[in-house]
Each structure stands twice: as structure tokens, then as C-alpha cells.
Amino acid sequence: MQIVVMGAGYVGLVSAACFAEFGHKVTCIDQDAKRIARLNQGEIPIFEPGLDELVAKNVERGTLQFGAGLLPALTSADAVFIAVGTPTRRGDGHADLSFVYTAAEEIARNLQRYTVVITKSTVPVGTCREITKVMRKANLKAEFDVCSNPEFLREGSAINDFMRPDRVIIGCETERASAVIQALYRPLYLIETPMVITAPETAEMIKYASNAFLATKITFINEIADLCEKTGADVQIVAKGMGLDGRIGRKFLHAGPGYGGSCFPKDAIALVRTAQDKGAPLRLVEATIDINRQRKKNMAMRVMDACDGSVRGKSIAVLGLTFKPNTDDMRDSVSLDIIPALQRAGAVIRAYDPAGMEEAKTLLKDVVWCNGPFEAMQGADAAVLLTEWNEFRALDIQRMKAALKQPVMVDLRNVYKPEDMERAGFRYVSIGR
Ligand code: UGA
């Protein structure tokens, strides 16, 4: 089948490459001509393991191409995916849909034959219907259906999440459109992926509810972790014990410094705003947002406590800056709270991240940028493990001790075992243990 993907951002690029890998003929377009030029030169503008090979392979076999203009590709397209950005609108926390509606109008004006228009961007409930109106207004004669097909991929494991999803959600109202989308996902039938075919509003809600639920689940275990610290319980074993209950499930129960990234914070706020507007407030999600925000701010205190109450004049090594491993994404990362807070308290920060430093340099000031974890720890008064990159999971404990001026480690991802660190003579602070 022939597909156009509008938007060569995270979701757009991964979806385009994966649909091409399924054997469809995909054209990925973006209004940013420079981005398209880079893609045409084989340069992938985002960090995602395996994406460069997948793009190169499909460009080579002719199933994937990049372009700046919609028209040529649209002429023969069976489906157009809208995968443009939906940032948080300034001031009110709602998702900014201007890019989505502009894309919809452009599609409507250029449609040549029956086409299924599918939102992949995370859009508020009701957006599919709005898109239908916008398109109808732009072109009365156009033949189309607008459907919702939310994406559940995670940064860092996006290709696997796309190719082996837990489910595919299809929100559409006609058999005709549903048949097109099911055909696009036919390869997933072979691995018996459950498909939920429902109304667009329901599909849109599934996406927001899923992200808000996961953010709440993380926040729940984070608060339990704080209580574990006061009571002598170990949150990792509590999480394991809870997770073995099939009704709870073991995933997304890792206590940490608070969730970040481009999705959970933005989507939770957008959902809460919609709920308030509709007069059906989501108080649990509101509490989640507040608790998480405060938690990220409080993390600097943990470091100060581990340094005898003050970091003034001390040098702190920060290992990991991105909001999670295997990405260069710094959006809403806890590092953006903790590093400025420690600097305000008088600390000198020595930081290293395997992929996020380029972006971090634009967001953080006065940091000593280092080339590896041991360089960061050299002569520092304490080390803070912020992101659980594989590279930080098995550092030689004696070597860390030798590099640091004081053997102090604040491990916000519970990577190390307290008994190993204490045996080596570390003052070791982790989460909920
Ligand atoms: C999230 C969802 O997991 C995806 O299903 C969804 O498609 C995506 O948002 C989106 O809406 O586009 P992502 O933001 O890439 O994916 O990252 P996650 O792996 O979900 O992690 C989010 C944050 O939660 C990170 O800061 C991570 O460190 C934190 N987290 C995650 C925890 O603190 N504990 C956990 O147990 C899991």
C-alpha cells in the first residue's frame, strides 16, 4: 500500500521506517526542508537505536523516501498519517493543534481520491472530528475518512515497540477506513497482535488514559519508596512482590527521581485541562502531576543531605542527563531541575552523558563537561547517578572510590546494591531502600 507520513519527528520517522519495513511504499514529508535534506543524505536527526540502519535499508530498497512537498505522494496514497508535533500551548497547558489542523487543510486541498487520514500524533479527544470539519471546509468534494491510530512507542526502544506492540488501537467509523488500516498492519496479524477497533474518541482517550495511568503508577511507587525509607522496607522487593500480581503487573514500578520526557508530563497536563474544561476533573492525575513536579525539585536535597547538608564549594559528578537511557532527549529531564538547584546551592557540576551532552549544553550553564564517568568523578565530592545508561551499570566500584575525593554516591536509579557499596566504604544513598 502507499502511505504518506506527515512529520519527520520522532513518531513520524519511526512509523515511516517501520511501515516501509512492513513492505509498504512510504513517503515521509516535513515542512522543514533542512531536515528533509539531511534525511536524504542519510543523516538521522534523532537518536534512536537501530533507526539509521532501518531507514538506510528501506531507502535502498525503494520502500521509503523523503520529500518536502505533499502533492506528488498524495496522488497515489491509500493513507496519510498526521504525525506532526503537538506541543503544550503556552499559558493554558492544552495541546497546541495548529500544526495538525494546518496539515489537515493541506491534505484536503490536495486530495485526488478516497484516502484515509490517520492521526498518529497524540491529540485530545474530539480532534478527529475537528479534523473532519476542517478538511470538509477546505474541500467540499474530497473523499476521505479521518481515523485515530495512537502510537505507544517508547524512545530508546521505538522500533521494537512499533514492530511488536502490545496492541494496535484503531479509532474509525467506516468499514472502508478500518479495512485500509487493518491492511497496513497486516504483518502484525502474524504475531497475533490484539487490535481494538472503536470510535475515534475512544481511541484518542485510550492514548491519554494509558500515559496518565503509567505516570500515576510510577508516581505511586515513588511515594511508596519514600515510605519504605522511613519504615526500613525495600521498594525494589515491594515492587517485585506487587508486580507478581497479574492485576498489577511488574512494569513501570521502578522507583526513581520522577518521570520526565516529551510525553508523560505534556500529556498528563493536556488530559487534566480537557477534564477540567468538560467538568469531569481527574484529581488523581492532577495529584500525580503535582507530586512528580515536587519530587524532581526535591532530588537536589537528597544530594545535599548526602554531602552533610551542604554542597557549597563542593564538586558533584552527575552521571546521565537525559530523561532516560538510549535517547538524547533532555525534555523534562530531572537533570534540568537538579543541576541548577545544586549550582544555586554553590556546587560545581561535572557532568557526562553518553548521548545527551550536545542538547544539554544548550540548556545548562557553567557545567564542566566530561568525556566519561570516571573523568566526571575525578576529584568530585560526590557522584549522582541520574540516568541508568548501561554504561553506568557496572562501573568498577574501587575505581570510582579512587576517583572521588569522598566516597559518596547518590544513586537515583537503584543501579547498585547497597551492601556492595557500603562494603566498599561508600556513603550510598538510593531510592526507597
Ligand atoms: C512513554 C510511554 O511509555 C509510551 O508508551 C508512549 O508511546 C510515549 O510515552 C508517548 O506518548 O509517545 P517515553 O516517554 O519514551 O514513552 O518513555 P518511558 O519509557 O515511558 O519513560 C518515561 C519516564 O518515566 C522516564 O523519565 C523514565 O525514567 C520514567 N520511569 C519509567 C520511571 O521512573 N519508572 C518506571 O518504572 C518507568
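The values are calculated or read from the model by the stated rules, or taken from the named source; none is laboratory data. Predicted model only: the values in this text are computed from it and were never measured. Quick reminder, even Gly has a Cβ in these numbers, built from the backbone with ideal geometry, and neighbours come from all protein chains shown. Just the protein is used for accessible areas: all its heavy atoms, side chains included, with ligands, DNA and RNA removed. Shrake-Rupley method; radii C 1.70, N 1.55, O 1.52, S 1.80 Å.
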Let me have the 222 nm mean residue ellipticity of the chain computed from DSSP H runs of 4+ only, each contributing -39500 (n - 2.57), with the sum over all residues rounded to the nearest 500.
-13500 deg cm²/dmol
Mind ordering 301-307, 253-259 by average Cβ neighbours within 10 Å, highest first?
253-259, 301-307
Quick check: the distance between the Cα centres of segment 7-63 and segment 170-214, to the nearest angstrom?
23 Å
Just the projected area, averaged over all directions, of the convex hull on the alpha carbon atoms of segment 201-433: how many nm²?
13.6 nm²
Hey, what angle do you get for helix 200-231 against the long axis of the chain, alpha-carbon based, 0 to 90 degrees rounded to 10?
10 degrees
Hey, quick one: spin label on A402, modelled 7 Å out along Cα-Cβ, who in segment 351-388 has an amide N within reach, i.e. under 16 Å?
373-380
Given 20 °C, 1.002 mPa s and a Kirkwood radius over Cα pairs, the Stokes-Einstein diffusion coefficient of segment 2-198 in µm²/s is 127 µm²/s
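I'd like the FRET efficiency for K365 and S98, computed as 1/(1 + (r/R0)^6) with the beta carbon distance as r and R0 of 35 Å, rounded to 0.05.
0.65
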Using a 1.4 Å probe over the heavy atoms of the protein chains, calculate the carbon and sulfur portion of the accessible area of the chain as a whole percent.
51 percent
Contact order relative to length of the chain, as percent, for alpha carbon pairs under 8 angstrom and 6 or more apart:
12 percent
Rounded to the nearest 10 Å², what accessible area does T327 have for a 1.4 Å probe in the complete protein model?
0 Å²
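Which order do R164, R154 take by accessible area at a 1.4 Å probe, largest first?
R164, R154
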From the gyration tensor of the Cα coordinates in the chain, what semi-axes in whole Å does the equivalent ellipsoid have, largest first, with each one equal to sqrt(5λ)?
43, 24, 20
Against the longest alpha carbon principal axis of the chain, how many degrees, from 0 to 90 and to the nearest 10, is the axis of helix 283-306 turned?
30 degrees
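Full extension from R250 to R427: what is 0.36 nm times the residue separation minus their Cα-Cα distance, to one decimal in nm?
Numbers: separation 177, 0.36 × 177 = 63.72 nm, distance 2.95 nm.
Full extension of this stretch gives 60.8 nm more.
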How large is the accessible surface of L227 in square angstrom, using a 1.4 angstrom probe and rounding to the nearest 10?
100 Å²
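My understanding is that a pair violates if its Cα-Cα distance is over 28 Å; which of K133/K217; K137/K278; K120/K297; K251/K417; K57/K120 do that in this structure?
As for pairs spanning more than 28 Å Cα to Cα, those are K133/K217; K120/K297.
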Listed residues L386, L395, L244; largest mean-square fluctuation, Gaussian network over the chain with Cα springs below 10 Å, found at L244
Give the residues of segment 322-342 whose amide nitrogen is closer than 17 Å to a point set 7 Å from the Cα of K297 in the direction of its Cβ.
332-342
Using per-residue counts of other Cβ atoms within 10 Å, averaged over each peptide, order 261-272, 10-21 from highest down.
10-21, 261-272
Compute the long axis of helix 175-184 from its Cα atoms, compare it with the longest principal axis of the Cα atoms of the chain, and write down the angle in degrees, 0 to 90, nearest 10.
50 degrees
Across M330, M242, M135, the residue with the highest GNM fluctuation in the chain (Cα network, 10 Å cutoff) is M242
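Show V318, V196, V84 ordered by accessible area, largest first, where the area counts protein heavy atoms only and the probe is 1.4 Å.
Of V318, V196, V84, the descending order of accessible area is V196, V84, V318.
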Quarter of the surface of the C-alpha convex hull for segment 3-50, i.e. direction-averaged projected area in nm², equals 3.2 nm²
Quick check: residue separation of K278 and N160 times 0.36 nm, minus the Cα distance between them. What number comes out in nm?
38.9 nm
Using a 10 angstrom cutoff on alpha carbons, build the Gaussian network for the chain and name the most mobile of E143, E419, E43.
E419
For the chain: accessible area per residue (Å², 1.4 Å):
46 Å²
Within the chain, the cysteines whose Cβ lies no closer than 4.7 Å to any other cysteine Cβ are C18, C28, C128, C228, C263, C307, C370
